[in-house]
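Just below is one structure, and these are the notes that go with it.
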Amino acid sequence: MKTLIVFFSRSGRTRRLAEEIEGRLGSDIEEIRESKGRGGAIGWLKSGMESTRMMLPKINALERDPGAYDLVLVGTPIWASNMSSPVRAFITEHRDRIQEAAFFCTGDGDDPGKVFGPMEELLGKRPIATMGLIGEERENPDSLKKIEEFVERVSSA
Ligand SMILES: Cc1cc2nc3c(=O)[nH]c(=O)nc-3n(C[C@H](O)[C@H](O)[C@H](O)COP(=O)(O)O)c2cc1C
């Protein structure tokens, strides 16, 4: 099965998880990038506002075509109890060409289900697997059984 990981990360935690999954799956990987930054307090406020208002920021064109893959793993940080706005923009732009999907997220304390529900609704497809790393779990991603189980579910799809 041809698999692509697509993720957004503002401060590196979701990137680390995405790379951990990539290492285990041997899949292709692509980071969602923007030309405008989200650093500092202003970037934090902007990000929270965009997520709350379900805004669609402009994201850069991807190098890989998600439509050329059997399965796309979409990773996001939790923002304001929802998906990050760049991931909302990605799913909105590419949903018609995504064949199968799985979701993963990182967050400080929220229930990951708050993010996966809206992602499923926006995509219009049920993910084959989901995984959220919350709070301290994020700091030791390689030691977690959760990643193994997620990768196993994705690999056996
Ligand atoms: C604007 C903003 C809003 C956030 N809102 C939430 C939230 O509602 N619930 C939560 O658990 N974490 C929230 N977080 C924390 C991030 O989800 C968490 O730190 C995540 O692991 C960051 O991932 P990253 O390093 O890949 O950007 C928020 C972070 C930002 C920047």
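Since every read-out is calculated from the coordinates, none of them should be taken as a lab result. Values in this document were obtained by computation on a predicted structure and should not be read as measured data. FYI the Cβ positions are ideal-geometry reconstructions off the backbone, even for glycines, and counts take in every protein chain you see.
Assorted remarks:
- Helical runs (DSSP H, four residues minimum) scored at -39500 (n - 2.57) apiece and divided by the length of the chain put the mean residue ellipticity at 222 nm at -11500 deg cm²/dmol.
- Three-way shape label, region 101-157, alpha-carbon gyration tensor, a/c 1.5: oblate
- Neighbour net charge for ALA18 - beta-carbon separation under 10 angstrom, K R +1, D E -1: -2
- Estimated translational diffusion coefficient (Stokes-Einstein, Kirkwood radius over Cα pairs, 10 °C, 1.306 mPa s) of region 3-155: 104 µm² per second.
- For the chain, built as a Gaussian network whose Cα springs stay under 10 Å, the top-fluctuating residue of GLY113, GLY132, GLY37: GLY37
- FRET efficiency, 1/(1 + (r/R0)^6) with R0 25 Å, evaluated for GLU19 and ALA41 via beta carbons: 0.35
- For the peptides 2-9, 58-65, 88-95, the ranking by mean Cβ contacts within 10 Å, running from highest to lowest, is 2-9, 88-95, 58-65.
- Here's the list of aspartates and glutamates a cross-link from LYS114 could span, going by alpha-carbon distance under 17 Å and ignoring same-chain residues fewer than 8 apart: GLU50.
- Around the Cα centre of region 1-129, unit charges on the Cβ atoms of Lys, Arg, Asp and Glu (plus for the first two, minus for the last two) sum to a dipole of about 380 debye.
- In nm, spacing of pseudo-spin labels at LEU56 and THR92 (7 Å Cα→C-beta vector): 0.4 nm
- Whether region 56-98 is rounded, prolate or oblate, judged on the alpha carbon gyration tensor where a/c under 1.5 counts as rounded: prolate
- Too-long pairs where the Cα-Cα distance tops 28 Å, listed order kept, from LYS2/LYS145; LYS36/LYS125; LYS2/LYS36; LYS58/LYS146: LYS36/LYS125; LYS2/LYS36; LYS58/LYS146
- Order of ILE134, ILE29 under a 10 Å beta carbon neighbour criterion, fewest first: ILE134, ILE29
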